[in-house]
Ligand code: 13P
């Protein structure tokens, strides 16, 4: 399976910086790995337009669990899909921690976005105190079972899961390949219980201080099918290296 590298630009880059990124990125991008980008929502159309010349998919970092109505400031997954949107990241730890998004709310968001035909990257991961208390697998297991509750195997077809240990995000501390592989294997096992055939082939991404100098070892693990990248995705040269184009 082709590895997938997803750039989560978070609340970074102005319009000129977005254009500069593509000027540097596109000529060297060779599709060795798939590259998707989630810019600030306000830059979606720009990224969609620039990326589509080379099949770079554009996505959102969050969306509403509702399709329309009186929800000031929210983005409808239906409207996004109509505009050519491809995917949405849901359950990022920053959404869980800073915006109090619970796995129950995320379950509604995941189901709505999938129903609208979007690909969903559902994020899970433990904090440092949780890891130190040996709770990693129980926390991640709860996030999987609550966030993906009440779904049929057919409805999960466009689901991707990202394991992002919270202690590795933006800290420069990467999970070791063995630590990441252990949790990825666990996640695949839990997904196979819910979706026996799909769980076997579901794409699992690792996120947390992934960089050109650690990506190959991480992607070399059996159950790591790609990466969800913050800081290193902001520089075209680094994201190219992550995509296998040095
Ligand atoms: P960093 O790559 O900056 O650690 O961020 C990871 C992340 O949060 C991607 O969603």
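Computed from the coordinates by the stated procedures, all read-outs in this text should not be read as laboratory data. Computed from a predicted model, the values in this text were never measured in an experiment. Cβ: placed from backbone, ideal geometry, glycine included. Neighbour counts: every protein chain shown.
Tabulated results
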quantity: Residues that are within 12 Å of the ligand (Cβ to nearest atom) and assigned to a helix (DSSP H, G or I), drawn from the range 78-92; calculated: none
quantity: Helices (runs of 4 or more DSSP H) contained in the range 93-132 and holding at least 2 residues more than 12 Å from the ligand (Cβ to nearest atom); calculated: 103-115, 128-132
quantity: Check on residue 173, in contact (Cβ under 8 Å) with a residue 12 or more places away in the chain, over 18 Å from the mean Cα position of the chain (by Cα) and within 16 Å of the ligand (Cβ to nearest atom); calculated: yes
quantity: Test: residue in the range 84-107 that is surrounded by fewer than 19 Cβ atoms within 10 Å (Cβ to Cβ), touching a residue at least 60 places away in the same chain (Cβ under 8 Å) and closer than 29 Å to residue 146 by Cα; calculated: yes
quantity: Qualifying residue in the range 31-41 (condition: surrounded by fewer than 20 Cβ atoms within 10 Å (Cβ to Cβ) and touching a helix residue (DSSP H, G or I) at 6+ places or on another chain (Cβ under 6 Å)); calculated: no
